[in-house]
Amino acid sequence: MYAVIETGGKQYRVAPGDVVRVETLAGDVGSEIEFGRVLAVVNDANEVAAGSAVAGARVKGTISEHGRGDKIIVFKFKRKKQYKRTIGHRQNYTQVTVSEILA
């Protein structure tokens, strides 16, 4: 069984026991979190439920870590104009361990 959830403007395919890195969520490490925006649920018989059929579905998980991702280098350059800019970016994330899917 797995579900497709939406959080932070992105969609994730999750199953019980999965560990996913999502955009930063409020909460302490070890606290329970619930994703209410479930887009689809696929059961063990490969039957897909989506739309109004999963209106009450929820995915529960536990926050296991807060952190920052790897640095990404952003380089801007315009030829013949003596223009160069280099900046770095590290995105914050929350690591969530999915415990169960309530469909």
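Read-outs: derived from the displayed coordinates by stated rules, not from any lab. Fair warning: this is a prediction, and the values are worked out from it, not measured in the lab. Here Cβ is always computed from backbone atoms with ideal geometry, including for glycine, and neighbour counts include all displayed protein chains.
Would you work out which of TYR2, PHE75, SER31 lies farthest towards the positive end of the dipole of the chain, given +1 charges on the beta-carbon of Lys and Arg and -1 on that of Asp and Glu, about the Cα centre?
Towards the positive end, the residue furthest out is PHE75.
Give the whole-number value, in cubic angstrom per residue, of the convex hull volume spanned by the C-alpha atoms of the chain.
131 Å³
Any idea how far apart SER64 and HIS89 come out in nm if each label point goes 7 Å out from Cα toward Cβ?
My value for the distance between the label points is 2.7 nm.
For GLN91, list long-range residues whose amide hydrogen, built 1.01 Å from N in the peptide plane, is under 5 Å from its own amide hydrogen.
Result for GLN91 returns GLY69.
Using modelled backbone amide H atoms (1.01 Å from N, in-plane), which distant-in-sequence or interchain residues come within less than 5 Å of THR7's amide H?
Here TYR12 satisfy the definition.
Filter the trypsin sites (Lys or Arg not before Pro) in the stretch 10-66 down to the DSSP loop ones having no more than 14 other Cβ atoms within 10 Å, then list what survives. Don't skip to the end; give the middle numbers.
Values: sites: LYS10, ARG13, ARG21, ARG37, ARG58, LYS60; in loops: ARG37.
The qualifying sites are ARG37.
When only C-alpha pairs under 8 Å and at least 6 residues apart count, what is the relative contact order of the stretch 2-102, in percent?
Value for the stretch 2-102: 34 percent.
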